[in-house]
Structure formats: C-alpha cells, structure tokens
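The values are calculated or read from the model by the stated rules, or taken from the named source; none is laboratory data. Bear in mind that the values here come from a model prediction, so they are computed numbers and not experimental data. Positions of Cβ are backbone-derived with ideal geometry, glycine not excepted, and every protein chain shown enters the neighbour counts.
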Amino acid sequence: MTPSDSEDEKRSATIAAVLGDLFDRTGLDSQTLEATAQLMAHLYKNGHRSADQLKAALSPATLEACFG
C-alpha cells in the first residue's frame, strides 16, 4: 500500500463515519448525503482532517444554508 492509498482510506473512513452520524441524526436523503460527502471531501482536502473537525464545519446551520 502506498502512502496515498493509506491517506485515501483514512479520508474515506473519516467521511463515511461522519456521514453515518449525520444520517442517523437527521435522516438526510441520498441526494443530500452525496452532496454532503462531496463537501466533506473538499473540507478534508483543505485541512478538516478529523471527524470532529468535519462535524464542526457541518453544523446544522451550515447544512441548512447549503441544502435548505
């Protein structure tokens, strides 16, 4: 496994964990989950590397502003 593979797996696992938590708490539909996953990938790339950081960046107010 190359370092980039390891980082990709870490990113995917972190995003999946946060998405699962968001779905459990909010019941987001699949289209909104997909858009949220893309937003999280962008946030992860720009320094929000932990589940806690991603969750903070995706506060209920932020999700409301993005998805109504």
(message) Show me the helices (runs of 4 or more DSSP H) found entirely inside the chain where at least 1 residues are among the aromatic types (Phe, Trp, Tyr) and in contact with a Cys (Cβ under 7 Å, 6 or more places away or on another chain).
(response) none
(message) Return the pair list, or none, for Cβ contacts closer than 9 Å from residues in region 33-56 that are without any contact (Cβ under 8 Å) to a residue 24 or more places away in the chain to residues that are among the hydroxyl-bearing types (Ser, Thr, Tyr), at least 6 apart or on different chains.
(response) GLN53/TYR44
(message) So, in region 9-68, exactly how many residues are among the polar types (S, T, N, Q) and either at positive phi or crowded, with 17+ Cβ neighbours inside 10 Å (or both)?
(response) 3
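Yes or no, residue by residue, for (1) in contact with a His (Cβ under 8 Å, 6 or more places away or on another chain); (2) modelled with pLDDT of 85 or more; (3) of a type outside the set (S, T, N, Q):
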{"site": "ASP8", "(1), (2), (3)": "no, yes, yes"}
{"site": "ALA17", "(1), (2), (3)": "no, yes, yes"}
{"site": "PHE23", "(1), (2), (3)": "no, yes, yes"}
{"site": "LEU33", "(1), (2), (3)": "no, yes, yes"}
{"site": "THR36", "(1), (2), (3)": "no, yes, no"}
{"site": "ASN46", "(1), (2), (3)": "no, yes, no"}
{"site": "ARG49", "(1), (2), (3)": "no, yes, yes"}
{"site": "LEU54", "(1), (2), (3)": "yes, yes, yes"}
{"site": "ALA57", "(1), (2), (3)": "yes, yes, yes"}
